[in-house]
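Q: Structure incoming, see below.
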Amino acid sequence: MARASGTPFNVPRSAPIGGLVFTGDAEENFIALNAATGKPLWHFQMGEAVYASPMAFAVDGKEYIAVAAGSSLFWSPLNPVVT
């Protein structure tokens, strides 16, 4: 899979999570894709290349997504993404 810019996604994608798949690229983007269509829905500029597999987890019923980028670990609540 390649983005419109031609740069391929470099990390394994997550298993579908609520209709979303997460991945990243060498251009420092963390990306949410529609699991059914593969269409990018959202991205976040991480500041470092994303080569690690993203993971999802829950704490007290609240879902989170986490990914390592460069030498840092980022996490955020998994908020609904309009599809």
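Throughout, read-outs are computed from the coordinates displayed, never taken from laboratory work. In this text, all values refer to a predicted model and were calculated from it rather than measured experimentally. Note that we place each Cβ from the backbone using ideal geometry, even for glycine, and neighbour counts take in every protein chain shown.
Q: Please list the non-local residues whose amide H lies under 5 Å from the amide H of G24, H modeled 1.01 Å from N, same-chain partners needing a gap of 5 or more.
A: When sequence neighbours closer than 5 places are left aside, the close amide H contacts are N10, V11, I31.
Q: Same structure, new question: Within 10 Å, count the other beta carbons around each residue, average over each peptide in 19-30, 61-72, 43-54, and list them highest first.
A: 19-30, 43-54, 61-72
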